[in-house]
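This report refers to the structure that appears directly beneath it.
The values are calculated or read from the model by the stated rules, or taken from the named source; none is laboratory data. Given the structure is predicted, the values throughout are model-derived calculations rather than measurements. Cβ placement follows ideal geometry from the backbone for every residue including glycine, while neighbour counts extend to all protein chains displayed.
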Amino acid sequence: MAGDALERGYRRRVRAWALYDWANHGFITVTATTFFPPYFVALAAPAFLVGSASAVTAALARNTAANVYAVATSLALLVVAVLAPLVGTIADLTGRRKRLLLVATALGAAFATAMATASAGRWALALGLYMAAQVTVNIAFGLNSSLLPHVARPGDTNRASALGYAMGYVGGGVLLALATALYLGAGRIGLDGSAAVRIAFVAVGVWWLGFAIPLAVEVPEPPALPAAGGASGHTLRDAGARLARTLRDVRGHRDLFAMLIAFWLYMEGIGAIVLLATAYGAALGLPTAALIGTLLLTQFVAFPYALAFGRIPHPGTAWRGRAVAMVLWTAVTVPALGAFANVHGGLTVLATLALLAADQLLGAVVALAAGERLFGRFARTLDGKRAIILGLAVYAIVPLWGFVLRTQAEFFMIGVLVGAVQGGTQALSRALYAELSPRAKSGEFFGLYAFSEKFAGILGPLLFGVVGELTSNPRASILSVEVFFVLGVLALTRVDVAAGARAARDEDRTARD
């Protein structure tokens, strides 16, 4: 009975931790990737209009506004890259990982809600509040991830991390569905589209704060790790000294350092696509409803795929071959449907969704019937690192496809392809990094992880914006992202997971002694 109670308590803590992804992904889906980019382009474009308001000058103004958004996003993530390791180190030294996470949550929810004050002629205020919210949400991501090795058992990090991402997709998707329904039905209740968007911004802040409560109640605060040589009485000084020592010593964790480099590179590509998808679609002139619908579709596609990806590396998990078969089916058939849509055009939204539903249903039947027989042996070779590489190989199709994209049907199809691998790739990356990190220093090491992730978010959007300005062609911008996937996979192949995990365990034993 005592064992059952302990198991129930463990599962309750993991669920409470995972539910935080449900809470904060509302900002990512509703604000950062759906409503704010086209809303900002609409607010800011008139300020960049040069000469008469012709179709050509209007398109150039929209493109300039999209590029300003991309560069501002890069600047916000640069701030995160600088702050995250310091905040993580302070969290380790003071034993306040959870408390700092809750402070970041309160601030982020306030900034997200205040974005509702952005209206016509106030594009600079809108951008400033958005940047502040981006800083706080990403600091919160790092602090929440640093709790993973303390919440999950050593052999359960892949599953727990995948559960978090899956919960994030569902929570973000539910809020996005509600916000989309309000946006599309605004006219029927006497609202214009702008008012509906501002209400959505308020809802994001309330959602974020409300669903953080289970973590605040159920997840315990991990213990502090005392400063080496004793504390000086000045937290910032101790944190700075500790961080400097960690930055020197991290190279001694050869495989952890290699993982950081690989993660940085491929997250350049993923981050650029996630943050700039709707801005890219808006620059191509796709309707806002299609952009929102695609991101909503992506959230719900990502939920089952994230759960499946989280179980692929586990030797004892049933249906590994079926999960791999489904991923490979989607990687082949969805681009084939996209080629058909590109050549023939004219597919309605309903026809596109029907094609995608039929494709996924047929894929599920094939995977269930023959997946283990066709791909079982291959699936058994996939540890966490190789499963990440599989996801990245599929993700690398997206920039190539984006370069030739012509129809809104293809945008929906790309959303399905992204949903199939995005959550799983990121979840396994977080779990692999946790395996390579000393638990006693989870805050500072996940601060470095956040540094790598957010520094990645600088160069991808910056390259997108610079290439767009130099070429006046958003297609060239999206194609430039491809290089990060190639370099990231090459770097990841150099990570020796077994050696890195041994080094982390050795350091933990040293810290305890």
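Output the residues belonging to segment 160-174 that are touching a residue at least 40 places away in the same chain (Cβ under 8 Å) and surrounded by fewer than 22 Cβ atoms within 10 Å (Cβ to Cβ).
170
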Which of the residues spanning segment 300-317 are touching a residue at least 24 places away in the same chain (Cβ under 8 Å) and small (Gly, Ala, Ser)? 302, 306, 308, 310
Go through the residues of segment 242-251 one by one and say whether even a single one is among the hydroxyl-bearing types (Ser, Thr, Tyr), surrounded by fewer than 22 Cβ atoms within 10 Å (Cβ to Cβ), more than 30 Å from residue 392 (Cα to Cα) and modelled with pLDDT under 85. no
Which of the residues that make up segment 208-237 are modelled with pLDDT under 65 and at negative phi? 225, 226, 227, 228, 231, 232, 234, 235
Is it the case that some residue within segment 187-199 is surrounded by 22 or more Cβ atoms within 10 Å (Cβ to Cβ) and in contact (Cβ under 8 Å) with a residue 24 or more places away in the chain? yes
Pair list, Cβ < 7 Å and 6+ apart or interchain, from segment 325-344 residues that are over 18 Å from residue 395 (Cβ atoms) and modelled with pLDDT under 90 to residues that are in a helix (DSSP H, G or I) and among the hydrophobic types (A, V, I, L, M, F, W, C): 341/409; 341/413; 342/404
Checked segment 385-427 for anything charged (D, E, K, R) and either surrounded by fewer than 23 Cβ atoms within 10 Å (Cβ to Cβ) or at pLDDT 90 or above (or both); matches are 385, 386, 406
Scan 400, 347, 382 and give me the residue that is assigned to a helix (DSSP H, G or I) and either over 23 Å from residue 483 (Cβ atoms) or not aromatic (Phe, Trp, Tyr) (or both). 400
Say we look at segment 1-40 and pick out the residues that are modelled with pLDDT of 85 or more and aliphatic (A, V, I, L, M); which of these is farthest from residue 201 (Cα to Cα)? 14
